[in-house]
Amino acid sequence: MTTETTTRYTVAVIGGTGPQGKGLGYRFARHGHDVVLGSRAAEKAESVAAEVTERLAGVDGAGSARGAANGDAIAAADVVLLAVPYDGHDDLVASLAGALAGKTVVSCVNPLAFDKRGAHGQVIDGGEGSAAESAARLAPEATVVGAFHNVSAVGLWGEDAFLDEDVIVVGDTAEGKQVAIDLAASVTGRPGIDGGKLRLARVLEPFTAVLISINRKYKAHSGIRVTGLGEH
């Protein structure tokens, strides 16, 4: 596994105070990227960023972590990670559309619901949409890709240098996908896997419900491995 960062990004994490956003922000910064955790309240983001910074102490080659209000975080960044709950997602993205123009936006949002039978995926646009596609529609001047949907927040905040799984990346431009493929190495120690067009987020997002079911059954924090590719 490689720990080298070929391109150093500044990543704004919108939803950076939640478990998934905080964990991904920590992983990116641990492996050399600079991270701005975003929140509606700058003070909350700054508090969580201080927690991440404490975890980075003594890590060779680590990047930085700081907190800011969402708009300020986006303005400071090359790349924006959307790690927000699906409830309220569309209104938030629409409100930030101007700031997102020209940015590469990586969505890891999972529209899930829960009932007595467990977790399941919400149906978006009659089965012909996803959170990532909604973000692309609401912020048309951004380049939206989907990635990191199936990575456990518990594992992200854990002690292992890398997680033993793969990150599948979907999007409609090679350039946008490459950014997420690069960032995936901060999580798994190897590049992400190009999974195809953005519409395949319709599969990746609800698949998280399957992993939640597996985790409950086996009391684990499971992930996805893609085999048969050789060195990629």
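The values are calculated or read from the model by the stated rules, or taken from the named source; none is laboratory data. Computed from a predicted structure; not experimentally measured. All Cβ positions, glycine included, derive from the backbone under ideal geometry; neighbour counts span all protein chains shown. We work out accessible area using only protein heavy atoms, side chains counted, and drop any ligands, DNA or RNA first. Shrake-Rupley method; radii C 1.70, N 1.55, O 1.52, S 1.80 Å.
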Starting from the amide H of Ser107, placed 1.01 Å from N in the peptide plane, find each other amide H under 5 Å away whose residue is 5 or more places distant or on another chain.
Leu82, Val145, Gly146, Ala147
Listed highest first by mean packing, meaning other Cβ atoms within 10 Å per residue, what order do 208-218, 122-132 come in?
122-132, 208-218
Fully extended, how many nm does the chain gain between Val226 and Val203 (0.36 nm per residue separation, minus their Cα-Cα distance)?
6.8 nm
If amide hydrogens are placed 1.01 Å from N in the peptide plane, which non-local residues have theirs closer than 5 Å to the one on Ser130?
none
Peptides ranked, highest mean first, by Cβ atoms within 10 Å: ranges 89-100, 9-20
9-20, 89-100
Expected 222 nm ellipticity per residue - DSSP helices of 4 or more, -39500 (n - 2.57), all of the chain, to 500
-12000 deg cm²/dmol
Round to the nearest 10 and report in Å² the accessible area of Glu46, as given by a 1.4 Å probe over the protein chains' heavy atoms.
100
List the relative contact order of the chain as a percent without decimals, with contacts defined as Cα pairs under 8 Å and 6+ residues apart.
19
What distance in nm separates the simple spin-label points at Ala153 and Leu56, each placed 7 Å from Cα in the Cβ direction?
2.1
Between Asp78 and Asn215, 0.36 nm times their residue separation minus their Cα-Cα distance comes to what?
45.9 nm
Which cross-chain or sequence-distant (5 or more) residues have an amide H under 5 Å from the amide H of Leu112, H modelled 1.01 Å from N in plane?
Tyr86, Gln122
Of Lys44/Lys197; Lys22/Lys217; Lys197/Lys219; Lys103/Lys217, which ones are farther than 31 Å apart at the Cα?
Lys44/Lys197; Lys197/Lys219; Lys103/Lys217
Please identify the DSSP H helices in the chain that span no less than 24 Å along the helix axis (Cα) and have a mean Kyte-Doolittle hydropathy of -0.5 or more.
201-218
With charges set only on the Cβ (+1 for Lys and Arg, -1 for Asp and Glu), what does the dipole of the chain come to about its Cα centre, in debye to the nearest 20?
580
Using DSSP to define loop residues, name the trypsin sites (Lys or Arg not before Pro) in the range 52-159 whose beta-carbon has at most 10 other beta-carbon atoms within 10 Å.
Lys116, Arg117
